[in-house]
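Visitor: Handing you this structure, nothing more for now.
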Amino acid sequence: MFYREAGQFKTTYAADQALFPIRQDRYAMLAIVAIAFVGIPLFSSNYWLTALLIPFLVFSLASLGLNILTGYAGQLSLGTAAFMAVGAVAAYNFQLRIPGMPILLSFVLGGGTAALVGILFGLPSLRIKGFYLAVATLAAQFFIPWLVTKVGWFSNYSASGVITAQPIVIFGQALDTPREKYLLVLCIVALMALLAKNLVRSRIGRAWMAVRDMDVAAEVIGIRILRTKLIAFAVSSFYCGVAGALYAFAYLGSVEPDGFNLDLSFRILFMVIVGGVGSILGSFLGAAFITLMPILLDVLLTAGSHAFNLNLEPGVTSMMQLLVFGALIIFFLIVEPHGLARLWQITKEKLRLWPFPY
Amino acid sequence: MSPPAGHVMLSVDNIALSFGGVRALSDVSFDVREGEIRAIIGPNGAGKSSMLNVINGVYHPQQGDVSFRGEMRRRMDPHRAAAQGIARTFQNIALFKGMTVLDNIMTGRNLKMRCNLLEQAIYIGRNRREEIAHREKVEEIIDFLQIEHIRKTPVGRLPYGLQKRVELARALAAEPTLLLLDEPMAGMNVEEKQDMCRFILDVNDEFGTTIVLIEHDMGVVMDICDRIVVLDYGRKIGDGTPDEIRSNKVVIDAYLGVSH
């Protein structure tokens, strides 16, 4: 009824290949962008910004990075947090050691360093696939935090390897309120999401999916398998590296290398799986689900226990929160194994016909 | 159909290929002339698919040479074969299941695209022009093979016959000079076979593409092919026009059989 493209004719291939070929989608996207850039900064509290929205955006970026590698190029990786660590530590060192270094350039160089490390750990993907490759990327996951802790130079010889991110200053303007940090992170994430979308609908994106779906056929078409996989590792690690830098600089302020542990890698992998493997939108949905749902549940459970005068102990509510959260993940995966993005896609297909499904 | 007068485009000489102790091909030689439709036939396990894999560089023969358009090569990798204009389809459909028909065929034009990673990330400008130019080419092929109605469908959802056709479209998208078809009509019903025959003949006719195909349906092979190679246990036991093959005693014993 409302979501219908009747009467919207496409007369050029350019129009058919546009980002949002359907008018309703374009308006919805504009609305979301307007809310994110204007509405949220105006009406959210500092708590919402620092505790919810900034981490949501940072994790979206990281799961976007992992989704490029795992969802599009089909290479399973458990080293996401390690690549984030590389990005964070590298950005910190570029700021520390090069006077007058613009912070945005440090983020980019941090991502670039992560990309190089990603290529290095991607080399085994020539010979091994699937679970075995995942185990090979575990090497990165254990080696990199260990190296950063062990070699004091990386953290400027601080105690226990903690790095304290420098303040964010852009063009002499210090960004220190949560609102400013949120806007900075939002700009970076929105831009990088757009670039990722462009990549996956261009030649390299098709090459990634070709390697994922049928590598022998891809090779016969003339796609260089190793190069395609390594580009996927590089781009993915670049995204994770920038996410790591933002994690340190805009979210936590100071991080220790052990914070980038296997737990974090798994968290991001779950975001990709729950959100939708091989979908840009899915990365955001998954990150939203995993970062925001526990807090939503917490609020609901607390409100519920007050309403019914249950007087639950704090330990019990947090336990229940975990239980419900786990059940929800399983529920969504049973309902739609391809993730929330696919669920949304099916909803859209249904909506096109609703209410007359003939 | 008269044998074409074109000169030799591809010749394989004394090819020997073995996997461990198993000899897949021994001392096989034949040539393919420009513009012809050449069939490779033979019983199961005769080494037909291995031969195609040698031609486009997936397998490396221990012995022998392949020369394509005057260029001799010992070790070939699939990427170079593709760059030289050799495309192929597979016996078991090897489409990219998660992608739409359109994206599958667009992937076939991968080697013809020039934009670098940065240009692709920015998209507008050169990359968009390139995407649209290639889209136009792909649409011509879609039109040619009559698959307009399914262009936005993920290939995993298509029936078998259409998947075969999409795979042919993907191979054609590379604008090959030599097209290798591994059992293009396997598992099809009579009508689908007729359609596929028509497409193969049209490709040969309109684009001038030289075609090497493997097929088990002798009716089809005898009707559409200019010359036939017969393999048995990795050896060549016959080579010639359909009429010559039909009357070849060795081929009849090994493969064709006689009606009782």
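Visitor: With respect to B:D217, determine if the residue is more than 14 Å from chain A (Cβ to nearest Cβ) and touching a helix residue (DSSP H, G or I) at 6+ places or on another chain (Cβ under 8 Å).
Guide: Answer is yes for this residue.
Visitor: Okay, moving on. Suppose we filter the range B:22-46 for residues that are touching a strand residue (DSSP E or B) at 6+ places or on another chain (Cβ under 7 Å) and on the phi > 0 side of the Ramachandran plot; how many remain?
Guide: 3
Residue-by-condition table, conditions (1) farther than 23 Å from B:D13 by Cβ; (2) at pLDDT 95 or above; (3) assigned to a helix (DSSP H, G or I):
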| position | (1), (2), (3) |
| --- | --- |
| B:L181 | no, yes, no |
| B:M185 | yes, no, no |
| B:D195 | yes, no, yes |
| B:E244 | no, no, yes |
| B:I252 | yes, no, yes |
| B:Y255 | yes, no, yes |
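Visitor: Continuing with this model, one more query. Count, please, the residues in the range A:213-230 that happen to be facing another protein chain (nearest Cβ under 7 Å) and out of contact with any strand residue (DSSP E or B) (no Cβ under 8 Å at 6 or more places or on another chain).
Guide: 8
Visitor: May I ask you to verify whether B:Q146 is out of contact with any Cys (no Cβ under 9 Å at 6 or more places or on another chain), more than 14 Å from every other protein chain (Cβ to nearest Cβ) and closer than 30 Å to A:V200 by Cα?
Guide: yes
Visitor: Among the residues of the range B:1-14, which ones are over 19 Å from the mean Cα position of the chain (by Cα) and either in a strand (DSSP E or B) or closer than 22 Å to B:F90 by Cα (or both)?
Guide: B:D13, B:N14 - these are the residues of the range B:1-14 that are over 19 Å from the mean Cα position of the chain (by Cα) and either in a strand (DSSP E or B) or closer than 22 Å to B:F90 by Cα (or both).
Visitor: Within the range A:137-160, which residues are over 26 Å from A:G100 (Cβ atoms) and surrounded by fewer than 21 Cβ atoms within 10 Å (Cβ to Cβ)?
Guide: Correct list: A:L138, A:A139, A:F142, A:F143, A:W146, A:L147, A:T149, A:K150, A:A159, A:S160.
Visitor: Which numbered condition in (1) within 30 Å of B:E130 (Cα to Cα); (2) free of Cβ contacts under 8 Å to residues at least 12 places away in the same chain; (3) more than 10 Å from chain A (Cβ to nearest Cβ) is the only one that B:D103 fails?
Guide: (3)
Visitor: Okay, next question. For the range A:163-184, give me each residue that is touching a residue at least 60 places away in the same chain (Cβ under 8 Å) and in a strand (DSSP E or B).
Guide: A:I163, A:T164, A:V169, A:I170
Visitor: Buried (at least 22 other Cβ atoms within 10 Å of the Cβ) and more than 10 Å from chain A (Cβ to nearest Cβ), is that true of B:V66?
Guide: When the stated conditions are applied, B:V66 does not pass them.
Visitor: Does A:I163 satisfy the criteria of being away from chain B (no Cβ under 11 Å), buried (at least 21 other Cβ atoms within 10 Å of the Cβ) and more than 30 Å from B:R80 (Cβ to Cβ)?
Guide: Yes.
Visitor: Separate question: Tally time: how many residues in the range A:238-283 are within 19 Å of A:L138 (Cα to Cα) and within 14 Å of another protein chain (Cβ to nearest Cβ)?
Guide: 2
Visitor: Could you pull out the residue among A:L105, A:L123 that is within 13 Å of A:F233 (Cα to Cα) and in contact with a helix residue (DSSP H, G or I) (Cβ under 9 Å, 6 or more places away or on another chain)?
Guide: Testing whether each residue is within 13 Å of A:F233 (Cα to Cα) and in contact with a helix residue (DSSP H, G or I) (Cβ under 9 Å, 6 or more places away or on another chain) leaves just A:L123.
Visitor: Against the condition assigned by TED's automatic domain parsing to the domain that holds B:G70, more than 13 Å from the chain's Cα centre (by Cα), small (G, A, S) and assigned to a strand (DSSP E or B), how does B:G238 come out, does it pass?
Guide: The answer is yes for B:G238.
Visitor: Another question, if that's okay. Here is a list of conditions, (1) touching a Leu at 6+ places or on another chain (Cβ under 7 Å); (2) more than 29 Å from B:L201 (Cβ to Cβ), and B:N116 meets all of them except one; can you say which number that is?
Guide: (1)
Visitor: As an exercise: evaluate B:R75 against (1) modelled with pLDDT of 90 or more; (2) in a loop (DSSP other than H, G, I, E, B) and give the number of the one condition it does not meet.
Guide: Only one criterion in (1) modelled with pLDDT of 90 or more; (2) in a loop (DSSP other than H, G, I, E, B) is unmet by B:R75, namely (1).
Visitor: Can you say whether B:R129 is over 27 Å from B:V212 (Cβ atoms) and either assigned by TED's automatic domain parsing to the domain that holds B:K164 or without any contact (Cβ under 8 Å) to a residue 24 or more places away in the chain (or both), as far as the supplied structure shows?
Guide: Considered against the rule, which asks whether it is over 27 Å from B:V212 (Cβ atoms) and either assigned by TED's automatic domain parsing to the domain that holds B:K164 or without any contact (Cβ under 8 Å) to a residue 24 or more places away in the chain (or both), B:R129 comes out as yes.
Visitor: Mind counting the residues in the range B:187-208 that are crowded, with 17+ Cβ neighbours inside 10 Å and among the aliphatic types (A, V, I, L, M)?
Guide: Qualifying residue count for the region: 4.
Visitor: Would you point out which residue out of B:I245, B:I211, B:I228 is crowded, with 17+ Cβ neighbours inside 10 Å and within 27 Å of B:N104 (Cα to Cα)?
Guide: Result: B:I211 is the single residue among B:I245, B:I211, B:I228 that is crowded, with 17+ Cβ neighbours inside 10 Å and within 27 Å of B:N104 (Cα to Cα).
Visitor: Check every one of the helices (runs of 4 or more DSSP H) wholly within the range B:83-145 and list those with 1 or more residues that are charged (D, E, K, R) and under 30 Å from B:A186 (Cα atoms).
Guide: Hits in the range B:83-145: B:101-107, B:126-144.
Visitor: Here are some conditions: (1) away from chain A (no Cβ under 14 Å); (2) in a helix (DSSP H, G or I). B:R80 meets all but one. Which one does it not meet?
Guide: (1)
The values are calculated or read from the model by the stated rules, or taken from the named source; none is laboratory data. Here the structure is a predicted model, which means the values were calculated and not measured. Cβ sites come from the backbone with ideal geometry, for glycine too, and all protein chains shown count toward neighbours.
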